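Bear in mind these aren't lab numbers, they're just calculated from the coordinates by the rules spelled out. Small disclaimer: the values here were computed from a predicted structure and weren't measured. Cβ placement follows ideal geometry from the backbone for every residue including glycine, while neighbour counts extend to all protein chains displayed.
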Amino acid sequence: MTYQTVRIRQGLLCAAVLSIACGCNRQQPEPERRQAAAEKESVRRPATKPPTSPAPANESHPDTPAHPAVSDRVGPEAESPPGDTPPSDSPKPAETPDNPADAAIAKPAPLVSPPGALPSIALTAAHRATCKVFAGDTLPPMSLVDLDGAPAPLDKLFGERLTIVLFWQHTDPDAVEAVDDMASLVLKSYGKRGVRAVAIHVGPATDEVKAIVQRDQVTYPVLVDADGAALAQVAADVRGLMPRIFLVDATGRILWFDIEYSRTTRRDLDLALRFLTRQ
């Protein structure tokens, strides 16, 4: 085969290849091209729903809870909305017995209030250190005199049941008030129940002391502890913490006491007298 023949064949082969390539790149008709493009676009992008307008606020939706606040609860209680069956550990209503006699037996007996008791004696450690006697102790014998100077032993003036022994000074307003209250609190209210009162002035029987006793119309015994020796038997500090009130029985045993006279003292003393005179 000559060189010229080979060149002719190669030219024919190239022409055939070009003819095939031109046939593949031939454009499709316009309608078919648009359809194919639309199909490709639908595959590449998912279908979306058309937008909807928001519903009015007062429109009811069956899928929305009736009370949105319930959704704020967390924990086990959020699983059961209000009005559901209560938990099993909730108290059950009492069952009514069929037999009336059983009902009378099943009814609990009413609680009976316990009787009153002596008020507590509340003292700080510092105040307790000033007390030489305490509840349960017996007042020591005291040789005193009255306002006229006549001897008056304390134990001879104790009442049949109870006696209030009041140590006071005329310069202390609270103590003077206590002297005045003893008449109305003790003699008027509890005198018929065997209760008496004795006031012991710590210091000389001056004209001021006698004037207070006369002004307040004190009818119970008022004794004088001129040198403070009697007070020193029951108190470590004779310069302060006055007045001192002791509630004792017929033998002089201390049942209750206080080292001041305040509204609380007056109330507790009345409660103590009320309790002890009931027995």
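Coupling constants for region 221-234 follow from the phi torsions by the Karplus curve (6.51 cos²θ - 1.76 cosθ + 1.60, θ = phi - 60°), and in residue order they are x, 10, 9, 10, 10, 4, 9, x, 5, 5, 4, 5, 7, 10 Hz; glycine and proline get x.
When peptides 206-217, 183-194 are sorted by average Cβ neighbour count within 10 Å, with the highest value leading, the order is 183-194, 206-217. Extension gain, residue 274 to residue 249, is 7.6 nm, computed as 0.36 nm per intervening residue step minus the present C-alpha separation. Packing here is the average count of other Cβ atoms within 10 Å per residue, and on that basis the peptides 246-252, 263-269, highest first, run 246-252, 263-269. Computed extension gain for residue 121 through residue 15, at 0.36 nm per residue and net of the alpha carbon distance, reaches 25.1 nm.
In terms of the mean number of neighbouring beta-carbon atoms within 10 Å, the peptides 224-235, 160-171 order highest first as 160-171, 224-235.
For residue 142, the amide hydrogen comes within under 5 Å of the amide hydrogens of 154, 155, counting only partners 5 or more places away or on other chains and with H modelled in the peptide plane.
Taking label positions 7 Å along the Cα-Cβ direction at both residue 206 and residue 227, the computed distance is 2.0 nm, reported to one decimal.
Each of 158, 257 has some number of other Cβ atoms within 10 Å of its Cβ, and from fewest to most they run 158, 257.
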